[in-house]
Amino acid sequence: MNKVTYFIYNTYNQKCKQSLNLFWIGFVLYSFLFSLTSSPATNQIITQGFQIIGIGLMAFGFMNIMQFSIHNSYLRTLFILFCLWSLFVFIRANDIDYNYIKSILFDGWYGIFSYFVPMIILIPKKLLFYKKLFQIILILGILGLLLDLYFARELLDPDINNFESQAILEVINTTLCLSAGFILLTYKYHSRKSIIIALMVIGGTVFFAIFRARRAMILMNVIPLLIAYFIYVYNSKAKYKIWIILFSIAVTVIVTNYFIQIYYSDQHFENIQKKSFENTRTGVEECFFRDMTRSEFIMGKGLNGQYYCPGIDQGTVSMYRSVIETGYLNMILKGGVIYMGLWLLIALPAIYYGFFRSKNTLSKAGAIWIFLFLLFHYPTTVNTFTLHYFIFWIAIDICYSRQLRVIPEEILQSYLKK
């Protein structure tokens, strides 16, 4: 039996299956409860108590299944260096007290667990792992839709300056719904029901994002949808392809024209019209560059690094910010150019391997997801303790795995779609 055949038919033993299930159950519990905390009406004590249970399940499941078995020597070397530098980022944290520890434990975006996401590489990858991953994406997406409906009154508040509503939208949909795009990119491995659920999740997110004028959120959901559609057209039967393309162009022109007319005549789009050309980044970025010294730019300021930026966050007393929304700069703030450089040295070759040196959609979708992650890293910070960042590192593992890249498409479909 050759290595590829062994990879296809090899599976987890019962103990590993249970550990993998515990890990994902803990993650879903933690993510869902973190999303709930976006509303100030949520009881923080209760939600954080259950988040602790989620942390425990994740830790127990991970410790019982992890193995340091990275076969690609380049990835293994860079991954070790990246982890060592992340440890350096932790060590440099200062002024640690009870409130700070509490904040980094329960913050599902910028807390300490975001630095542990790359460790997903250490979970042995069998085909069952990817089937579980697809299930988790759909479960979180459905939970995100339910929370959108539950908070619909807040999300549909026409006041664009309602920052509570904005926070609810961004936390819920970024944490729970954004990963649905990966289902569409890997549509060949899913039933029609799963694809419809993913489309509903993305459609609901885009609807509320347009209403609340969240430009980055709109782009981050629409772009994977469009790419998935182009992949579908490209892979369609030759005799129908030209008609699909012509029909798509016609529909796009009609819908775009209709949308433009509504956009400029309907008051419901007033919010996003106001923000279409609003620059919300330059001032913050200028503060960042003014505050960072050369050595800090190279090595970062550590886990709780801050920069002087007065007058940006309304309702806060502190003139220092611990996060900058531009993702690349946020990596530099914490770990410097070295941290960002190691991250890019891992990610960029993965795109090449996954897209140009593979024989299946799973690898190519992984490469596309990594590329989109690099693209989205300018308008927002996506290195968070969320499923879409987990998928980023899972995609890296896929793209560096020659055994997985060369599995024929029909074999993956027969296993993952059943």
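The values are calculated or read from the model by the stated rules, or taken from the named source; none is laboratory data. On a predicted model such as this, the values are computed, not experimentally measured, just so you know. No Cβ is skipped: glycine too gets one built from the backbone with ideal geometry, and neighbour counts run over all protein chains shown.
Are any of the residues in segment 353-362 touching a Leu at 6+ places or on another chain (Cβ under 9 Å), closer than 30 Å to I231 by Cβ, in a loop (DSSP other than H, G, I, E, B) and modelled with pLDDT under 95?
Yes, the conditions are met somewhere in segment 353-362.
Count, please, the residues in segment 158-174 that happen to be closer than 19 Å to A41 by Cα and either among the β-branched types (V, I, T) or surrounded by 16 or more Cβ atoms within 10 Å (Cβ to Cβ) (or both).
So the count comes out to 8.
Is it true that L303 is in contact (Cβ under 8 Å) with a residue 60 or more places away in the chain, surrounded by fewer than 21 Cβ atoms within 10 Å (Cβ to Cβ), more than 15 Å from the chain's Cα centre (by Cα) and more than 25 Å from L128 (Cα to Cα)?
Spelling it out, it is not the case that L303 is in contact (Cβ under 8 Å) with a residue 60 or more places away in the chain, surrounded by fewer than 21 Cβ atoms within 10 Å (Cβ to Cβ), more than 15 Å from the chain's Cα centre (by Cα) and more than 25 Å from L128 (Cα to Cα).
Quick check on this structure: which one of I112, I121 is within 25 Å of L362 (Cβ to Cβ) and within 21 Å of the chain's Cα centre (by Cα)?
Checking each option against the conditions leaves just I121.
Taking the condition outside any loop (DSSP other than H, G, I, E, B), surrounded by fewer than 21 Cβ atoms within 10 Å (Cβ to Cβ) and charged (D, E, K, R), does E325 pass?
On the way: outside any loop (DSSP other than H, G, I, E, B): no; surrounded by fewer than 21 Cβ atoms within 10 Å (Cβ to Cβ): yes; charged (D, E, K, R): yes.
The answer is no for E325.
Which ones in segment 49-102 are part of a loop (DSSP other than H, G, I, E, B), more than 30 Å from R402 (Cα to Cα) and among the β-branched types (V, I, T)?
I96
If you scan segment 110-133, which residues turn out to be part of a helix (DSSP H, G or I), touching a Ser or Thr at 6+ places or on another chain (Cβ under 7 Å) and crowded, with 17+ Cβ neighbours inside 10 Å?
S114, Y115
Scan (1) at pLDDT below 95; (2) surrounded by 14 or more Cβ atoms within 10 Å (Cβ to Cβ) for the single condition A41 breaks and write down its number.
(2)
Filter segment 156-196 down to residues that are in contact with a helix residue (DSSP H, G or I) (Cβ under 6 Å, 6 or more places away or on another chain), part of a helix (DSSP H, G or I) and closer than 24 Å to T384 by Cα, then give me how many there are.
15
Looking at the structure I just gave you, is T380 part of a loop (DSSP other than H, G, I, E, B) and over 30 Å from S191 (Cα atoms)?
yes
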